[in-house]
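> One structure, pasted below without further comment.
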Amino acid sequence: MKVALKIWRYDGATGEKALREYEIEAPEEATLLDCLDIIKDRHDGTLAYRKSCRMMICGSCGMRMDGAAVLACKTRMAEIAASGHVPVISAMGNLPVLKDLVVDMTPFWQKIRAVKPWLDTGYVEPPEKEFVVPQAEMDVIHKESLCIMCGCCVSECNSMEADPDFLGPAALAKGFRFVGDPRDRATVERLQAYSDEHGIWDCTRCYFCNERCPKGVDPRDAIAKLGAEAMREGIDSDMGARHAKWFVTSAKTTGWLRETELVPKTQGVVRSLKEIGFAMSLLRRGKVPPPFPPHVAKDVDEARQLYELVEREGHEGARGIVQLEKPLARLERHEAGYEEAAARGPYGPGSFPKPYLPGENESTEEGAA
């Protein structure tokens, strides 16, 4: 098949950048990495990129296709070539470019090291020759253990683009791999460190890291688990933690978010006073409801019962998020009988709707809905 690619060529020494187009002949089973190999071997030996295992294990060949991070060895080119589309290939984002498609991974590894990615057993000796952990307890960190350190999530992270000091999705996902490990004895210390400035609460929840992760690690979910664990341990000094805490309190007490109280509860009274001018402009435009008496939702008891149910069944912290992962995975795999049960819903029709799965039924009205 004929494959056309546009590749951003970059010279790290001079800073020169140019978009060059290549047209090659490639076998129908070719991946993006195969096409780059053909270009380098037969057309332009100066093209620079990383590769190693060719089997989606090492994470070396991370790069961008049309502005989105991919593993070159995983990306098949047949459909793209058949459509006539000419994709633009570039280096990953949020990392310094050294040459062409090769980025400097030093900042990436610095952040990984910052979360102390090793077990801290507190010098506790194992009861026998080794620690034996039930599989159910290790399932808690199954997804996070799949990370291959490719950097695709970091490439697409909006928070890192705005704040390069943000720990980032890969490092925080690695952090939860040890926070969730029952053998680790430094959970509180880790959560305190991860909750500092540029940590857990700097995530903007854009979910691009989940979307681009080639191994299903879902780093944003790992960050949510870290936040939930921090709250469970009472580590809530950060404004992001206070925001989340007040959100839950407001929903539990009145059934809705009391936005007029959100700023003082999150930022503190003194800092809120500095925003009086802005608040008054909102008030003049009718965008600030009267704070007293507080509006209480008609069915607020349902919100309170939900909160009590979570407490009673022990879903606090990361456990509540982890418990949802297996059912959602079973839905995604279309396991026999599970879709029918989901359609009925455990608490009545539609109470457990099937989640939207990209690529499925996108062309139908039902899928679009």
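Nothing in this text is a laboratory measurement; each read-out follows from the coordinates by a stated rule. Please read these numbers as outputs of a predicted model, since none were measured by experiment. Backbone-built Cβ (ideal geometry, glycine too); neighbour counts: all protein chains shown.
> To the nearest 10 degrees, how steeply does helix 239-254 sit against the main Cα axis of the chain, on a 0 to 90 scale?
Once rounded, one gets 50 degrees.
> Once a ≥ b ≥ c are taken as the square roots of the eigenvalues of the Cα gyration tensor of segment 229-326, is the result rounded (a/c under 1.5), prolate (a/b larger than b/c) or oblate (a/b not larger than b/c)?
The shape class here is oblate.
> For the pair His43/Gln135, report the inter-label distance in nm, with labels modelled 7 Å from Cα in the Cβ direction.
A separation of 4.8 nm, rounded to one decimal place.
> For helix 219-232, report the angle its Cα long axis makes with the longest principal axis of the Cα atoms of the chain; keep it between 0 and 90° and round to the nearest 10°.
That works out to roughly 30 degrees.
> For Leu146 paired with Leu324, estimate the spin-label separation in nm (one decimal), with each label point 7 Å from Cα along the Cα-to-Cβ line.
1.7
> Between Asp163 and Arg312, take the C-beta separation as r, use R0 = 45 Å, and let me know the FRET efficiency to the nearest 0.05.
Once the sixth-power term is evaluated, E becomes 0.70.
> Take Leu98, Leu328 and order them by how many other Cβ atoms sit within 10 Å, fewest up front.
Going from sparsest to densest Cβ surroundings: Leu328, Leu98.
> Can you tell me which lysines have their Cα less than 23 Å from the Cα of Lys274? Leave out same-chain residues fewer than eight positions away.
By straight Cα distance, Lys274 reaches Lys245, Lys265, Lys287.
> Counting other beta carbons within 10 Å of each residue's own, what order do Glu313, Glu79, Glu261 fall into, fewest first?
Ordered by Cβ neighbours within 10 Å, fewest first: Glu79, Glu313, Glu261.
> For the chain, what does the helix formula give at 222 nm: sum of -39500 (n - 2.57) over DSSP H segments with n ≥ 4, over the residue count, nearest 500 deg cm²/dmol?
-11000 deg cm²/dmol
> Another question, if that's okay. If R0 is 41 Å, what FRET efficiency do you get for Arg205 and Arg76 from their C-beta distance, rounded to 0.05?
The pair Arg205/Arg76 has a calculated efficiency of 0.85.
> With a sphere of radius 14 Å drawn around the Cβ of Val88, what net charge do the other residues whose Cβ falls strictly inside it have (Lys, Arg +1; Asp, Glu -1)?
Surrounding charge for Val88 is +2.
> Something else: Please say if segment 85-217 is rounded, prolate or oblate, where rounded means a/c under 1.5 for a ≥ b ≥ c the square roots of the C-alpha gyration tensor eigenvalues, and otherwise the choice is prolate for a/b larger than b/c and oblate otherwise?
Judged from the Cα gyration tensor, segment 85-217 comes out prolate (a/c at least 1.5, a/b above b/c).
> What is the chain by shape, rounded, prolate or oblate, if you read a ≥ b ≥ c off the alpha carbon gyration tensor as root eigenvalues and call it rounded for a/c under 1.5, prolate for a/b larger than b/c, and oblate otherwise?
Cα axes put the chain in the prolate bin.
> Taking the Cα atoms only, what angle lies between the long axis of helix 169-179 and the longest principal axis of the chain, rounded to 10 degrees?
60
> Follow-up question, since we're still on this one. Within 10 Å of each candidate Cβ there may be at most 16 other Cβ atoms; applying that plus a DSSP loop requirement, which GluC sites (Glu not before Pro) in segment 176-224 survive?
Those satisfying the criteria are Glu197.
> Here is a further query. First select every other residue whose beta carbon is under 13 angstrom from the beta carbon of Tyr207; then total the charges, Lys and Arg +1, Asp and Glu -1.
It works out to a net charge of -1.
> Per 0.36 nm of contour for each residue apart, how much would the distance between Ser83 and Glu128 grow if the chain were fully extended, relative to their Cα-Cα spacing?
10.2 nm
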